[in-house]
Each structure stands twice: as structure tokens, then as C-alpha cells.
Amino acid sequence: MRAILKRVFPGGPSGWIVFRHRDFRLFAASRVLSGIAFQMQAVAIGWFIYDVTRSPFALGLAGLASFLPVILCAPITGYVADTFDRRIVAAIAYGVQTAASALLLVLATWGTGAIWPVYLLVIMIGTARAFATPAIQALLPTLVPRELFSAAIAGNASLAQGAAVMGPAFGGLLYALGPATVFAIAGFGYALASFLIAATHSRSEPHAVRPPMTWVVFTAGLSFIWSQPVMLGAISLDLLAVLFGGAVALLPIFAAEVLQVGPLGLGALRSMPAAGSVVMAIMLATWPLQHRVGRRMLIAVAVFGLATIAFGLSTSLPLSMACLFVAGSADMVSVYVRQSLVQGETPDGLRGRVSAVNSVFIGASNELGEFESGMLAGLVGAMPAVVFGGLATICIAAAWARLFPALRERNRLV
């Protein structure tokens with residue numbers, strides 16, 4: 001097995017040396033805590049909304065409420081990440097999410113059962129994440145030496161995805177004690193994450209002069225991505241693949257009606273994509289990709305589509321979990337390549353704005369994908385919507401192989 005892995009992931013088991021760096025450990029711990037908190041909260045919010053409304057449209061609106069702040073704030077969030085201390089920006093954003101968790105706790109304990117306040121708090125959480133994401137992504141390359149950059153991405157991803165495995169499982173389990181319990185623990189996780197990220201030390205140079213607040217400065221990240229065909233192809237491929245192929249928003253429907261496994265089963269289902277991601281991330285951290293990275297990304301997206309189709313057709317909990325596991329593993333390859341290209345080939349002074357644009361694309365693929373899935377499921381049903389999404393993903397991978405030959409022929413990450 002080791003010989004096979006070495007052929008698939010050449011480079012040797014050297015990636016974990018990155019955890020010897022104190023600042024990276026603090027950063028990774030903060031990401032784990034915030035990831036667990038977010039995933040727990042997502043399970044509780046999704047099940048609460050569907051339990052009250054029994055409507056896929058309501059689930060889709062939650063995804064839209066989470067995405068809108070990302071796209072509306074993108075020019076500002078990138079500017080903030082490139083102008084102010086990225087550690088403090090992320091710490092404040094986690095603090096806002098702590099406050100949102102506290103308000104969700106109040107709502108779950110003393111609320112009237114109305115759904116619209118939940119949407120307002122989802123917008124609040126989405127706004128905080130819109131500021132946190134580019135700051136965090138731009139901060140990561142400044143915490144370790146450049147030769148450990150790819151290992152830092154894979155190592156951080158493995159821990160973040162590990163949190164995404166534990167978070168839904170904890171959320172589904174604790175929901176049996178009531179949504180208030182989930183929101184209280186999530187708030188504590190965000191508060192601790194805020195403290196840890198503020199304690200890191202960045203290697204980047206402080207900005208002596210703040211860039212002017214002009215449209216050209218705000219859109220510099222988008223202009224840079226547009227000038228890089230490989231980066232543009234990787235980001236847009238990931239965007240469309242998850243936009244059409246993501247089935248996460250519909251998991252409450254599959255858990256309640258197709259598989260009939262309840263909130264605990266929903267937590268298990270939500271954990272499976274992250275479980276596949278963390279296994280793949282560990283492999284990538286141990287055996288980093290060094291050759292034919294573009295082709296492997298395209299193949300991974302096609303595998304993601306096939307796994308999505310199989311999940312949509314499944315009526316068995318073990319098979320459904322296996323399909324989501326494979327989908328998560330394939331998605332991690334795409335994430336690894338995309339993040340390495342975005343963060344490795346962007347000048348430090350532009351990393352915040354480029355990361356903000358990247359966040360819009362990824363937010364569109366996740367939250368807007370949830371909206372698309374909810375709307376389509378409301379029209380044709382959950383199972384046909386998921387199958388259609390998987391087919392669309394495979395077609396997109398084939399089309400991108402022809403539209404972006406530079407991405408297809410890309411050999412190395414950095």
C-alpha cells in the first residue's frame with residue numbers, strides 16, 4: 001500500500017514538519033475550533049428550520065442568507081484584509097460569531113418559533129465569515145517558511161476537515177438535548193478561536209501606507225485572477241462543480257424522508273464529506289502532489305460528480321454515507337490544488353483581495369449552491385435535483401478540460 005501511495009503521491013512523508021511551528025499550531029487550533037462551532041451550528045439551524053417549516057425552499061433561503069453578505073462585502077473584506085492586521089480582523093469576526101451564537105441561544109430558549117429571526121442571524125454569521133475568510137486565507141502563508149507552504153495548506157485542511165467531521169456529529173448528537181445546547185457550545189468554541197488567532201505572529205511586513213479606497217484598489221484581486229488563466233480556471237471549476245453538485249442543503253430532507261434516520265443520522269451524513277476530505281488531506285500532507293496537478297484536479301471533479309449521482313439514487317444509509325465520503329475525498333483534491341495556486345502565486349499585498357474574490361466564488365459554490373439545490377428540489381424533488389447536479393458537474397469537468405488547457409497541462413503547484 002505504501003508503495004502505491006508513493007506512486008500516486010510522490011514526494012515522501014515530509015509534510016507534517018509544519019506543525020513544529022508555534023504560530024501554525026495556534027492558527028490550526030483556531031481553525032479547528034471555529035470549524036467545529038460552525039458545523040455544529042449549521043446542523044442545528046438546518047434541522048430547526050426544516051423541523052418548523054418542512055420546506056426545501058426554507059432551507060434554500062438559509063443558504064442564500066449566508067451567501068449574500070459574502071458577495072456584497074467582498075470588495076471591502078479584501079481591502080480590510082490587505083490593510084489591517086489580519087489576526088485582529090479574524091479575531092473580531094470570530095467574536096461577532098460568538099455574539100450570533102448567543103442570540104441563537106436566546107432565540108432557541110425564549111423565541112416564539114418564528115423563522116425570520118433565524119435568517120437575520122444567519123446573515124450576521126455570513127457577514128462575519130465574509131471578513132474572516134480572506135483574512136485567514138491571506139494569513140496562512142505568512143506563518144511558515146515558503147518551502148513548507150503546500151504542507152501548511154494540506155495540514156491545515158486536514159485539521160479543518162477533521163473539525164468538519166466532528167462538528168456535524170456533535171451537532172446531531174447534542175441536538176437531542178435541544179438546539180440551545182448546540183448554540184451555547186458553538187459560542188464557546190468561537191470565543192476560544194478568537195483568542196488563539198489573535199495570539200499568532202505573522203511574518204508579513206506591516207503596511208506603512210494604506211492603499212487608497214478606490215474602485216481600482218477594491219477590484220485589484222479580481223483583475224489579478226482574471227490575468228491568471230490557471231488560477232481562473234481552477235477557481236471557476238470549483239465554483240460550478242460545487243454549485244451544481246453540492247447536496248449538503250438537501251441532507252435534512254434525505255435524513256427525514258428518504259433514509260428516515262432523524263437528526264442523529266443527519267449529523268452522520270453531514271460528517272461524511274468532511275471525513276473523506278480529512279483522509280485525503282492527510283494523504284496530501286504526507287505525500288504532496290508534485291506532478292500533473294491540473295489533470296488530477298479535473299479527474300477529481302468528475303469523481304465528485306459520479307459520487308453525487310450515486311448518493312442521489314441511494315436509499316441505503318451506509319451507501320449514502322460512502323458516496324458522501326468519496327465526494328468529500330475528491331473535493332479535497334480540488335480544494336488543495338485551488339488553494340495552493342491562489343495563495344502561492346499571489347503577492348502578499350494582494351492576498352487579502354484575491355482571497356476575498358476566492359471567498360465569493362467558494363461562497364457561491366456552497367451557500368448559493370444550497371439555494372439552487374433547495375429551489376430545484378422544491379420543483380422536481382430532492383433525488384432528481386441531486387442526480388441532475390452530479391451530471392452537470394461531470395459535464396463541467398469535461399468542458400473545463402477544453403476551455404482551460406493551461407489548467408489541464410499544469411504540472412506543479414508552486
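Coordinate-derived values only; no laboratory data. Just so it is clear, the structure is predicted and the values come from calculations on it, not from any experiment. All Cβ positions, glycine included, derive from the backbone under ideal geometry; neighbour counts span all protein chains shown.
Over the range 245-330, the hull volume per residue, using the convex hull of the C-alpha atoms, is 78 Å³. Over all directions, the projected convex hull of the C-alpha atoms in the range 42-89 averages 4.3 nm² in area. Look at where the Cα atoms of the range 68-104 and of the range 119-188 average out, and the two centres are 13 Å apart. Descending by average beta-carbon neighbour count within 10 Å, the peptides 65-78, 18-31, 263-276 line up as 263-276, 65-78, 18-31, the highest first. Normalised size of the range 18-135, defined as Cα radius of gyration per 2.2 N^0.38 Å with N residues, equals 1.17.
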